[in-house]
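Working notes, beginning with the structure itself.
A short reminder: the numbers here are calculations on the coordinates, not readings from a lab. In this text the structure is predicted, and so the values were computed from the model without any measurement. FYI the Cβ positions are ideal-geometry reconstructions off the backbone, even for glycines, and counts take in every protein chain you see.
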Amino acid sequence: MSLAEVIGRIDAEARRKLEKKLPSWAGAGVTVPASINLEQCSSEATALYKASLIDAGARVADLTGGLGADSWAFSKRASAVWYNERDAVLMEAVRANFASLGISNVVFNSYDISPECDAWVDSIKAFGPDLIYLDPARRSASGHKVFLLEECSPDVTALLPQLLDIAPQVMIKVSPMADLTMLRRRLSGSVSELHVVGVAGECKELLCLCRRGDGDCRTVLYEDGHLLESAAPSPDGGEMLFVPSAALTKSGLGPGMRLMEFDATLAHFGRFWQVIENLPFASSVLKSLGQRYPQAEVTARGVPISSDELRKKLKVKPGGVIHIFACTLSGERRLLVCR
């Protein structure tokens, strides 16, 4: 294979990834300077959700612009967007991309946003944002992943008071692995909303919406076009097993895995399974189950065994319509055969 063919194959793969993550950009001649720029940017679905949280006609400042997915989404709803990216090469690529996409209400900047450097302050004040957005880099200078807010770049814990002096609202994207209780504590007195964003059963983003002088904080779950702020308590007992999505589990807004009657609202935030057999978690049962159901998917949750270990004990082949769950329900370990 020639060098030109290798480069062509790489370009085609990058194009497929771009079209999957940002389908509205397909066919617009968009340039991605480096693969990491695409890996780190928001998907189209999550970017548009963030844009839905701003007021129509607002002025938005994006301090950590990256490939521009969030700024692009903001530009569709905002009157103007102040885009900033400290990598000047990436910024120029985004400028060209936005021209190809027909985006004309974005101003471009390349500042190093940090408490120690204030060159950006006068520019953003002159812009007059209604909301400031930032997605701090979650890698250290050595390239290792970090999770604490003060370890990210820029350090939002140090910047937040200054940002709230500039704009009445600040939206911060944090790691989906972050603990919600920790976020409420670290941003106490400022954070008013925590948004848990799920896509296809996965928790993709956590958004902290901060406002001046806010002390109360509510949690909102958004998953695949559906919103949930709180779910009515679901009684234990019923003919179906409810398995919550990762995003619902993260938000703490709804029930965990349990037996219950079908609930159409919760069906958007998890999956209901018809229970065929509800059996005790015992060695003798494990042996007989594997013989009666030689092909099944297997999941272990809340029991001292992994899904892989459970599959080995059952000696089942993956596939088919049967799913065997090992779980703890009402304090008791159970084996549930579901369809």
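Note on segment 180-339: Cα-Cα pairs beyond 18 Å make up 63% of the total pair count.
From the residues V196, I124, C152, which one has its Cα farthest along the dipole of segment 107-227 in the positive direction, the dipole being from +1 and -1 charges on Cβ of Lys/Arg and Asp/Glu about the Cα centre? Projecting each Cα onto the dipole axis, the largest value belongs to V196. log10 I(q)/I(0), Debye, Cα-only segment 186-241, no solvent, q = 0.20, 0.21, 0.26 Å⁻¹? Taking Cα atoms of segment 186-241 as identical point scatterers yields -0.82, -0.85, -1.00. Remark: spin-label model distance D179-L148 equals 1.3 nm, labels positioned 7 Å along the Cα→Cβ axis. With angles folded into 0 to 90 degrees, how steeply does helix 88-100 sit against the dominant principal axis of the chain? Use alpha carbons for both and round to 10. In the chain, helix 88-100 runs at an angle near 80 degrees to the longest axis.
Ordering D62, D216, D224, D130 from the fewest to the most neighbouring beta carbons within 10 Å gives D216, D224, D130, D62. Look at I132, I322 and count the other Cβ atoms within 10 Å of each Cβ; fewest to most, that gives I322, I132.
The shape of segment 258-301 comes out prolate: with a ≥ b ≥ c from the C-alpha gyration tensor, a/c is at least 1.5 and a/b beats b/c.
Run the dipole for segment 113-245 about the Cα centre, Lys and Arg Cβ at +1, Asp and Glu Cβ at -1, nothing else charged, and hand back the magnitude in debye, nearest 20.
Computed charge dipole of segment 113-245: roughly 240 debye.
Pairs of C-alpha atoms in the chain farther apart than 25 Å represent 60 percent of all such pairs.
Which one of S307, A93, L206 is farthest out on the positive end of the charge dipole of the chain, using unit charges on Cβ (Lys, Arg +1; Asp, Glu -1) and the Cα centre as origin? Farthest towards the positive end: S307. Over the chain, dividing the summed -39,500 (n - 2.57) contributions of all DSSP H runs of at least 4 residues by the number of residues returns a 222 nm mean residue ellipticity of -9000 deg cm²/dmol. Here segment 7-58 is treated as a Stokes sphere of Kirkwood radius computed over C-alpha pairs; at 25 °C and 0.890 mPa s its diffusion coefficient rounds to 200 µm²/s.
Using only the alpha carbon atoms of segment 54-120, find the Kirkwood hydrodynamic radius as the inverse mean reciprocal pair distance, in angstroms to one decimal.
So the Kirkwood estimate lands at 12.0 Å.
Distances between every pair of Cα atoms in segment 102-221, grouped in 5 Å steps from 0 to the bin holding the largest one, split as 2, 10, 20, 22, 19, 15, 10, 2, 0 percent. Across the chain, where is the longest run that never hits GluC sites (Glu not before Pro) in a DSSP loop with at most 15 other C-beta atoms within 10 Å? With a cap of 15 other Cβ atoms within 10 Å, the longest stretch comes to 1-115.
When each of F127, F269 is scored by the number of other beta-carbon atoms lying within 10 Å, the sequence from fewest to most is F127, F269. The length gained on full extension between I166 and K125, counted as 0.36 nm times the residue separation minus their Cα-Cα distance, comes to 14.1 nm. For C117, project a label point 7 Å along Cα to C-beta. Then give me every residue of segment 151-169 with its amide nitrogen under 14 Å of that point. Once the point is set 7 Å along Cα→Cβ of C117, 153-155 turn out to lie under 14 Å by backbone N, inside segment 151-169. Quick check: from the Cα gyration tensor, does segment 144-193 come out rounded (a/c under 1.5), prolate or oblate? Cα axes put segment 144-193 in the oblate bin.
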